[in-house]
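In what follows, a single structure is set out as structure tokens and then discussed.
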Amino acid sequence: MNIYHYTAAGREAASFEQGLPFPEGRGGEPELFLLRWDPLAGPAVWRATDARQLTAERVDVKWLDPRRIGEIPELPENLHAALAAGRLTAVNLCHPRWEQALDFAVPRPGKKRVHLLAVGDVGGTLLTALKLLGGDLISTIGICDLNENTVARWVTEMGQIA
């Protein structure tokens, strides 16, 4: 597979696509990997954790176990190094908000925001543990559930924990 190097959004980028509308890159370790996917097939940007995520046809539950995505593609060493170090952000150029999404793709220093979806028994236990043990790392915890009463209950209970 041929890899082409670009400079996109002021960062070193790589892609399987030739002729993208960006200046030629230096060819060093890329921060971005540029893709052209159906915008409905996945997010605008994501932190790539496995080489197979760069060649997958779509984002789905198989990403929880990358071995199910397919064969590991042959990539240059600098791409494997960026993946292994957790420094490669995949970018779907067909997504209408990919440029804005880049602002959220790089982890920011300081405390993090965490959001929990569907707070049942397991989520409630996780929520309690995060509230009790995550004070040094978590600034806020968002609670989302289809049942508004469940959200209200957990907001009240978490508000009682100092």
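Here are a few things to note about the model shown:
- Among the residues listed as Val155, Val119, the single one being farther than 24 Å from Arg47 by Cβ, out of contact with any helix residue (DSSP H, G or I) (no Cβ under 9 Å at 6 or more places or on another chain) and among the aliphatic types (A, V, I, L, M): Val155
- Thr156 being at negative phi, modelled with pLDDT of 90 or more, open to solvent by 30 Å² or more (accessible area, probe 1.4 Å) and hydroxyl-bearing (Ser, Thr, Tyr): yes
- Residue within segment 27-34 that is of a type in the set (A, V, I, L, M, F, W, C), in contact (Cβ under 8 Å) with a residue 40 or more places away in the chain and outside any strand (DSSP E or B) present: no
- Only one of the numbered conditions (1) free of Cβ contacts under 8 Å to residues at least 60 places away in the same chain; (2) open to solvent by less than 60 Å² (accessible area, probe 1.4 Å) is not met by Leu146, and that is (2).
- Single residue of segment 47-78 satisfying the filter (part of a loop (DSSP other than H, G, I, E, B), open to solvent by 60 Å² or more (accessible area, probe 1.4 Å) and of a type in the set (Asp, Glu)) that is nearest to His5 (Cα to Cα): Glu74
- Residue that is surrounded by the most Cβ atoms within 10 Å (Cβ to Cβ) [pool: residues in segment 84-128 that are in a helix (DSSP H, G or I) and among the hydroxyl-bearing types (Ser, Thr, Tyr)]: Thr128
- Scanning segment 129-162 for residues that are in a loop (DSSP other than H, G, I, E, B) and either over 26 Å from the mean Cα position of the chain (by Cα) or aromatic (Phe, Trp, Tyr) (or both) turns up Asn147, Gln160, Ile161, Ala162.
- Thr140 in contact with a strand residue (DSSP E or B) (Cβ under 6 Å, 6 or more places away or on another chain), within 30 Å of Phe16 (Cα to Cα) and polar (S, T, N, Q): no
The values are calculated or read from the model by the stated rules, or taken from the named source; none is laboratory data. Small disclaimer: the values here were computed from a predicted structure and weren't measured. Methodologically, a virtual Cβ is constructed for each residue, glycine included, from the backbone with ideal geometry; neighbour enumeration extends over all protein chains shown. Accessible surface areas use protein heavy atoms only, side chains included; no ligands, DNA or RNA. Shrake-Rupley method; radii C 1.70, N 1.55, O 1.52, S 1.80 Å.
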